[in-house]
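Below: one structure, written as structure tokens.
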Amino acid sequence: MDDIFEKIARHEVPADIIYEDEDTVAFLDIMPDVPGHTLVIPKKKSRNIFDIDMESWSKVAETARKIAPVVRDSVGATGMQIRMNNEPSAGQVVFHLHLHLIPFHEGQEKNFPEKLPSTKEERTQLAEKLRALLQH
Ligand code: AMP
């Protein structure tokens with residue numbers, strides 16, 4: 001059965017996509033820990049780190065490297081955590097491999113960040129800004 005991220009990759013369900021290439025898609029998390037919280041996925045289905053092939057994994061890493069500074073700067077952050085949950089025991093709830101790019105500001109709690117959720121409108125605006133920045 002198709003997972004929600006496969007549908008996002010195929011543009012079958014709406015998402016705030018900020019970057020896309022032949023192999024990967026990056027979009028804003030619908031329930032962000034902080035504004036700018038972004039997910040990077042491979043278009044080719046894999047469940048998590050335990051089954052992704054090396055080529056797809058490299059493409060995901062390339063995209064994360066490409067967009068990370070832009071995501072950081074777009075929300076005026078100074079740092080970023082990159083997280084990945086693999087299997088339910090580690091907190092995975094969507095079973096299509098994804099990296100979490102989570103911007104961090106000075107003084108922000110590292111391990112249990114307080115949620116600073118954004119509205120749909122804020123995410124739409126931020127996604128527009130990020131798309132424009134990432135086109136250059
Ligand atoms: P996890 O599987 O625990 O690593 O996290 C899955 C993440 O996907 C959570 O942070 C959700 O907020 C996010 N998420 C779930 N559905 C969507 C969606 N339709 N669009 C964007 N993000 C989503």
>> Of the residues 15, 61, only one is of a type in the set (A, V, I, L, M, F, W, C), closer than 29 Å to residue 115 by Cβ and in a helix (DSSP H, G or I); which?
In response: 61
> What number of residues within region 28-39 satisfy the criterion of being within 13 Å of the ligand (Cβ to nearest atom) and more than 14 Å from residue 67 (Cα to Cα)?
Replying inline: 6
>> I'd like to verify a number: residues in region 65-96 that are under 19 Å from residue 45 (Cα atoms) and in contact with a helix residue (DSSP H, G or I) (Cβ under 7 Å, 6 or more places away or on another chain), how many?
In response: 2
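Criterion first (outside any loop (DSSP other than H, G, I, E, B), among the charged types (D, E, K, R) and more than 22 Å from residue 16 (Cβ to Cβ)) does residue 55 satisfy it?
yes
Given the criterion away from the ligand (no atom under 12 Å from the Cβ) and either over 15 Å from residue 99 (Cα atoms) or touching a strand residue (DSSP E or B) at 6+ places or on another chain (Cβ under 8 Å) (or both), identify the matching residue among 42, 14. Walk me through it before giving the result.
Details: 14 fails: away from the ligand (no atom under 12 Å from the Cβ).
Just a single option satisfies the conditions, and that option is 42.
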>> Just to be sure I understand the filter: pairs with C-beta atoms under 6 Å, separated by 6 or more residues or on different chains, first member in region 70-98 and farther than 27 Å from residue 133 by Cα, second member within 8 Å of the ligand (Cβ to nearest atom) and small (Gly, Ala, Ser). Which pairs pass?
In response: 85/91
>> Filter region 48-77 down to the residues that are surrounded by 12 or more Cβ atoms within 10 Å (Cβ to Cβ) and not hydrophobic (A, V, I, L, M, F, W, C) and list them by number.
In response: 48, 56, 58, 59, 62, 63, 66, 72, 73, 74
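Going by the structure shown, is residue 72 in contact with a strand residue (DSSP E or B) (Cβ under 6 Å, 6 or more places away or on another chain), closer than 24 Å to residue 126 by Cα and modelled with pLDDT of 95 or more?
Details: in contact with a strand residue (DSSP E or B) (Cβ under 6 Å, 6 or more places away or on another chain): yes; closer than 24 Å to residue 126 by Cα: yes; modelled with pLDDT of 95 or more: yes.
Yes: the conditions hold for residue 72.
Can you work out which of the residues in region 7-27 that are β-branched (Val, Ile, Thr) and touching a Lys or Arg at 6+ places or on another chain (Cβ under 7 Å) is surrounded by the fewest Cβ atoms within 10 Å (Cβ to Cβ)? Please lay out each step first, then the result.
Within region 7-27, the first condition is being β-branched (Val, Ile, Thr), and the residues that meet it are 8, 13, 17-18, 24-25.
If we keep only those that are touching a Lys or Arg at 6+ places or on another chain (Cβ under 7 Å) as well, we get 13, 18, 24-25.
On the way: 13: 12, 18: 27, 24: 23, 25: 23.
The selected residue is 13.
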> Which condition number does residue 25 fail, the rest of (1) farther than 15 Å from residue 102 by Cα; (2) within 14 Å of the ligand (Cβ to nearest atom); (3) not in a strand (DSSP E or B) being met?
Replying inline: (3)
>> For region 89-136, give me the residue count where each residue is surrounded by 10 or more Cβ atoms within 10 Å (Cβ to Cβ), assigned to a loop (DSSP other than H, G, I, E, B) and not hydrophobic (A, V, I, L, M, F, W, C).
In response: 10
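The values are calculated or read from the model by the stated rules, or taken from the named source; none is laboratory data. Keep in mind that this is a model prediction, so the values were computed, not measured. All Cβ positions, glycine included, derive from the backbone under ideal geometry; neighbour counts span all protein chains shown.
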